[in-house]
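Read-outs: derived from the displayed coordinates by stated rules, not from any lab. The structure displayed is predicted, hence computed values, not measured ones. Don't worry about glycine lacking a Cβ; one is built from the backbone with ideal geometry, like all the others, and counts go over all protein chains shown.
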Amino acid sequence: MPRNDLLKGRVSLPGQIYHITICTDQRRPWFESLEYSRLVIGQMRKMHDEKMLHSMAWVLMPDHLHWLLQLTENNELSAVIKRFKGSAARALNKKLGRSGAIWQRGFYDHALRREDDIRQTARYIVANPLRAGIVDSIGAYPHWDAIWL
């Protein structure tokens, strides 16, 4: 999908809850590695700790990330995701001793409406490894979290 199409209709609102999907460049399965996954998860947690966003649920699949987050005041969605992708790519490239793209350009976002069930969306997100056939139980998959534990 052309990048401009991804931007059409994108609205960034403080306090808004978004379901974000970010894919790796060429769908490369970087995150089959526990070590590489932990680098990216560390960057996600850092953004939460710095109060750029409130991380509600996520799952890091081998070649993409699903993230349910809420924007905090004075933060714009595109800027937050750009910062995350940049910091995660720098950390991973440093570890790999390389340079180059880690993530595809752009990202997909869905702003949850007031009537949307946030917990149902979180369950959908963390169940991705089950639907993909990677594991038989979510407890067997190491790269996910949700605030409702």
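Cα gyration tensor of region 76-149, axes a ≥ b ≥ c as square roots of the eigenvalues: rounded (a/c below 1.5), prolate (a/b > b/c) or oblate?
Oblate, because a/c is 1.5 or more while a/b does not exceed b/c.
Residues within the reach of a label modelled at R38 (point 7 angstrom out along Cα to beta-carbon, backbone nitrogen below 17 Å), restricted to region 107-149, are 141-145.
By the gyration tensor of its Cα atoms, with a ≥ b ≥ c the square roots of the eigenvalues, what is the shape of region 14-149: rounded for a/c under 1.5, prolate for a/b over b/c, or oblate? Numbers along the way, then the final one.
On the way: a/c = 1.75, a/b = 1.13, b/c = 1.54.
Cα axes put region 14-149 in the oblate bin.
Each residue, T21 and K46, gets one label point 7 Å from its Cα in the Cβ direction; the gap between the two is 2.7 nm. On the beta carbon distance between A79 and R119, with R0 = 41 Å, the FRET formula returns roughly 0.90. With the helix formula -39500 (n - 2.57) applied to DSSP H stretches of n ≥ 4, the chain reaches a computed 222 nm mean residue ellipticity of -11000 deg cm²/dmol. A crude spin-label estimate for the pair N93 and H54, with each label 7 Å from Cα along the Cβ direction, gives 3.4 nm.
The value of relative contact order for the chain, using C-alpha pairs under 8 Å at least six residues apart, is 33 percent. Taking 7 Å steps out from each Cα toward its Cβ at Y108 and T72 produces label points 2.9 nm apart.
Between amide H atoms placed 1.01 Å from N, distances below 5 Å from Q16 occur with L71, all of them 5 or more places distant or on a separate chain. Scalar couplings 3J(HN,Hα) for region 37-44, obtained by applying the Karplus form with A = 6.51, B = -1.76, C = 1.60 to θ = phi - 60°, are 4, 5, 4, 5, 4, x, 5, 5 Hz; x denotes Gly and Pro.
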